[in-house]
1. Looking at the structure I just gave you, is residue 8 within 16 Å of the ligand (Cβ to nearest atom), within 11 Å of the chain's Cα centre (by Cα), open to solvent by 10 Å² or more (accessible area, probe 1.4 Å) and among the acidic types (Asp, Glu)?
2. Residue by residue through the range 106-163, note down the ones that are at positive phi and touching a strand residue (DSSP E or B) at 6+ places or on another chain (Cβ under 8 Å).
3. Every residue in the range 97-107 that is surrounded by fewer than 24 Cβ atoms within 10 Å (Cβ to Cβ) and among the aliphatic types (A, V, I, L, M), please.
4. Can you tell which of 71, 63 is in contact with a Lys or Arg (Cβ under 9 Å, 6 or more places away or on another chain), open to solvent by less than 10 Å² (accessible area, probe 1.4 Å) and more than 12 Å from the ligand (Cβ to nearest atom)?
5. Which pairs have Cβ atoms under 8 Å, sit 6 or more apart or on different chains, and link a residue in the range 29-40 that is more than 14 Å from residue 69 (Cβ to Cβ) and acidic (Asp, Glu) to one that is within 11 Å of the ligand (Cβ to nearest atom) and open to solvent by less than 20 Å² (accessible area, probe 1.4 Å)?
6. Looking at residue 249 and the list (1) without any contact (Cβ under 8 Å) to a residue 12 or more places away in the chain; (2) assigned to a strand (DSSP E or B), which single condition is not satisfied?
7. Can you tell me how many residues within the range 157-179 are open to solvent by 90 Å² or more (accessible area, probe 1.4 Å) and not basic (Lys, Arg)?
8. I need a count of the residues in the range 147-185 that are assigned to a strand (DSSP E or B) and touching a Lys or Arg at 6+ places or on another chain (Cβ under 6 Å).
Amino acid sequence: MRILLTNDDGIHGPGFEVLEEIARELSDDIWVCAPAEEQSGAGHSLTLNFPVRLRKLGERRFSVTGTPTDSVMLALRTVLEEKQPDLILSGVNRGANLGDDITYSGTVSAAMEGALAGIRSVALSQVLDREADHDMFDAARAWGAKVLRPLLDLPLTERTLVNVNFPPRAAADIEGIRAVRQGFHDYSRTSVVEGRDPRGLRYYWFGLQAIEHTLDHGTDLEAIADGYIAVTPLQLELTHEASLATLRERFEE
Ligand code: MN
């Protein structure tokens, strides 16, 4: 089984070696193609306005001067063109990709790009507890392969991917694995900090804040709060079916 690894924290991101460990439990045919720099929040962006470089760092190891989507697309079109991967793994992200995080997420978007290419794709994220005294990625490291194995022989549904989040607990304290749907945040998670640069010019800097969630039953947010690993199937088809009939009526002649 050929596996392509990528992420959005960059090829030197803290969760990437964890992902490599997890992947090696599943196969020996591991390829890496990941952004040279951190790309968190890049979403599904594709670099169009300047050229992108592919740097060979090792026999099966490449960095890309672009986004997570650039990395997956380039890997599939260049170094893996002859033999495509059977599986694309993106992560392990430093931080949650739960609820509405997904639309901003470079980690999830890299898996979306894999799904668009018709390849089984999984995004993995480690929810953080910065106060914890255990290794930040302990849960992902110990449970990663255990979560992935049952996904490997699932019938592959086109234009779908799987989003996995590990709760901020030591591996030994994980309650188990739950298949859940995407939850939602109650309000925008982005803070905007205003400041002045050394020349006195105003700048703005976006930040992320922990926020209150409505822990609806059966959601990824609830599973994480309960100490479970959250596994959520996602689809690229974003049509809101319930509104479609209303809109059809509205635009009827
Ligand atoms: Mn990230």
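The values are calculated or read from the model by the stated rules, or taken from the named source; none is laboratory data. Just so we're clear, the structure is a prediction, and the values are computed from it rather than from any experiment. Positions of Cβ are backbone-derived with ideal geometry, glycine not excepted, and every protein chain shown enters the neighbour counts. With ligands, DNA and RNA removed, areas are computed over all heavy atoms of the protein, side chains included. Shrake-Rupley method; radii C 1.70, N 1.55, O 1.52, S 1.80 Å.
1. No: the conditions fail for residue 8.
2. Once the filter is applied, which keeps residues that are at positive phi and touching a strand residue (DSSP E or B) at 6+ places or on another chain (Cβ under 8 Å), the range 106-163 yields only 159.
3. Answer for the range 97-107, where residues must be surrounded by fewer than 24 Cβ atoms within 10 Å (Cβ to Cβ) and among the aliphatic types (A, V, I, L, M): just 102.
4. 63
5. 37/10; 38/8; 38/9; 38/10; 38/13
6. (2)
7. At the first step, the residues of the range 157-179 found to be open to solvent by 90 Å² or more (accessible area, probe 1.4 Å) are 158-159, 172, 175, 179.
Subset that is not basic (Lys, Arg): 158, 172, 175, 179.
Total satisfying the criteria: 4.
8. Total satisfying the criteria: 0.
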